[in-house]
Protein chains: 2
Amino acid sequence: MSDTRTRILDLANQLTQSKGFNGFSYLDLAAEIGIKNSSIHYHFKAKADLALAMVERHRETTTKQFAQLDHGVESPQARLSSVIRYFEADLRDGKICLCGMMAAEFQSISEEVRRELALYFRGFQDWLSKQFSEMGHANPPQSALQFLSALEGSLLLARIQGDVSVVSQALDGFVNG
Amino acid sequence: MSDTRTRILDLANQLTQSKGFNGFSYLDLAAEIGIKNSSIHYHFKAKADLALAMVERHRETTTKQFAQLDHGVESPQARLSSVIRYFEADLRDGKICLCGMMAAEFQSISEEVRRELALYFRGFQDWLSKQFSEMGHANPPQSALQFLSALEGSLLLARIQGDVSVVSQALDGFVNG
DNA sequence: GATTGTATCTACATACATGTAGGTAGATAT
DNA sequence: ATATCTACCTACATGTATGTAGATACAATC
């Protein structure tokens with residue numbers, strides 16, 4: 001386990017969230033980390049390999065975080081609020097959802113990464129669905145899809161409008177209503 | 001007014017919707033249109049100029065289309081349905097909202113284009129707000145923001161899931177409910 | 001008829017992105 | 001001690017993106 005590999009993944013993740021996966025190069029990663037770009041190639045032979053590793057890792061991390069929320073937070077409303085605050089925090093650094101960003105870059109990513117993204121969103125929707133089910137919603141999967149859509153869209157809008165509160169304006173109805 | 005200029009704008013618009021503004025080059029435009037890339041530079045000195053012209057034109061077009069809907073379609077519900085069908089049609093060609101795509105590319109676009117995008121979304125929200133006002137919603141601007149967020153997000157999700165119906169699942173509640 | 005403007009071209013300059021080839025220095029295993 | 005592995009390096013090859021300089025052909029204006 002090289003620490004460098006983790007640093008590459010961390011940095012690539014941050015840069016993808018702010019500038020998109022096509023918005024940075026191996027040279028950028030190398031310069032920031034303080035090694036040569038060929039060393040990035042040592043860890044991730046091609047940039048497509050980095051994309052896949054990054055999205056896979058993010059999906060695992062997210063799955064664990066959902067499990068932690070299920071154990072540590074009692075009400076589904078409080079869990080949803082917690083998720084919203086998580087994305088708002090990234091947004092304050094100009095970062096949107098990693099997978100939302102890569103979904104916009106759909107056309108330039110590999111079939112494998114597309115599958116991973118679809119699985120991420122599927123997992124997210126399933127988790128949301130359980131929350132809305134607990135909250136007694138009539139159609140939990142649909143509520144989940146509405147929440148997820150509104151989340152991804154509001155992140156884009158909020159960044160353009162320079163107003164983080166757009167996210168809660170778009171989503172608070174799901175937590176209270 | 002050269003027809004070439006319009007063809008460049010049309011093609012750039014389509015490519016931005018499917019691959020993003022950073023997803024194509026002047027060489028791509030030139031090859032498709034059948035001229036040399038320096039001729040593209042003749043019409044739009046730098047790519048940033050093309051971006052600005054494209055977004056300005058799109059904002060004007062959209063404003064006119066909203067006015068046409070206001071005149072030609074009687075109920076606000078039918079107008080919203082019409083807007084949804086418009087985006088679904090593009091989505092079937094792998095194209096999402098031009099400004100949603102460019103919002104994802106926020107970090108690499110000029111301050112001027114950012115302002116244009118903010119104006120586009122502001123105009124869109126204001127128009128939606130009028131529709132929800134006519135429909136008797138308690139908080140029209142918030143309904144408008146929720147609709148717009150859900151629209152932009154659902155386009156991303158639908159393309160990744162390969163399922164156009166995601167859009168109507170996310171938005172039908174606004175038209176009926 | 002001479003000048004200017006429009007729309008295109010050829011040719012080139014610069015920079016950068018992606019990736020390969022092959023080498024090195026230190027740690028680990030046999 | 002030798003061989004192999006890990007993590008990095010230098011150097012380079014190739015392709016592409018953006019953009020500039022200057023020429024050309026043709027139409028419109030003066």
Answer from B:Lys64, B:Lys19 - the residue that is away from every other protein chain (no Cβ under 14 Å) and free of Cβ contacts under 8 Å to residues at least 24 places away in the same chain:
B:Lys64
Against the condition within 10 Å of the chain's Cα centre (by Cα) and within 14 Å of chain B (Cβ to nearest Cβ), how does A:Gly94 come out, does it pass?
no
Of the conditions (1) more than 17 Å from the chain's Cα centre (by Cα); (2) over 27 Å from B:Lys130 (Cβ atoms), B:Ser75 clears all except one; give me its number.
(2)
So, in region B:117-141, of the ones that are open to solvent by 60 Å² or more (accessible area, probe 1.4 Å) and in a helix (DSSP H, G or I), which residue ends up farthest from the other protein chains (Cβ to nearest Cβ)?
B:Glu134
Restricting region B:43-70 to residues that are β-branched (Val, Ile, Thr) and open to solvent by less than 30 Å² (accessible area, probe 1.4 Å), which is farthest from B:Arg7 (Cα to Cα)?
B:Thr62
When B:Ala30 is run through (1) touching a Lys or Arg at 6+ places or on another chain (Cβ under 8 Å); (2) within 11 Å of DNA strand C (Cβ to nearest atom); (3) under 17 Å from A:Ser108 (Cβ atoms), the failure sits at (3)
Within region A:71-86, can you find the residues that are open to solvent by 50 Å² or more (accessible area, probe 1.4 Å) and either in contact with a Pro (Cβ under 7 Å, 6 or more places away or on another chain) or in contact (Cβ under 8 Å) with a residue 40 or more places away in the chain (or both)?
A:Gln77
Residues (closer than 22 Å to B:Arg115 by Cβ, touching a helix residue (DSSP H, G or I) at 6+ places or on another chain (Cβ under 6 Å), more than 7 Å from chain B (Cβ to nearest Cβ) and surrounded by fewer than 23 Cβ atoms within 10 Å (Cβ to Cβ)) located in region A:161-177:
A:Val164
Just to be sure, is B:Gly100 within 24 Å of A:Gln17 (Cβ to Cβ) and open to solvent by less than 10 Å² (accessible area, probe 1.4 Å)?
yes
How many residues does region A:27-42 hold that are out of contact with any helix residue (DSSP H, G or I) (no Cβ under 6 Å at 6 or more places or on another chain), open to solvent by less than 70 Å² (accessible area, probe 1.4 Å) and polar (S, T, N, Q)?
1
Surrounded by fewer than 23 Cβ atoms within 10 Å (Cβ to Cβ) and either in a helix (DSSP H, G or I) or facing chain A (nearest Cβ under 9 Å) (or both): is that true of B:Ser149 in this structure?
no
On the given criteria, is B:Ile8 aliphatic (A, V, I, L, M) and within 28 Å of B:Arg122 (Cα to Cα)?
yes
Selected residue (only one of A:Val73, A:Val83, A:Val55 is more than 25 Å from B:Leu157 (Cα to Cα) and either polar (S, T, N, Q) or more than 16 Å from DNA strand D (Cβ to nearest atom) (or both))
A:Val73
Within the group A:Ala158, A:Ala103, A:Ala144, which residue is at the interface with chain B (Cβ under 8 Å from one of its Cβ atoms) and in contact with a helix residue (DSSP H, G or I) (Cβ under 6 Å, 6 or more places away or on another chain)?
A:Ala103
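The values are calculated or read from the model by the stated rules, or taken from the named source; none is laboratory data. Worth saying up front: this structure is predicted, and the values here are computed from it rather than measured. Counting neighbours? That spans all protein chains shown, and the Cβs are built from the backbone with ideal geometry, glycine included. Accessible surface areas use protein heavy atoms only, side chains included; no ligands, DNA or RNA. Shrake-Rupley method; radii C 1.70, N 1.55, O 1.52, S 1.80 Å.
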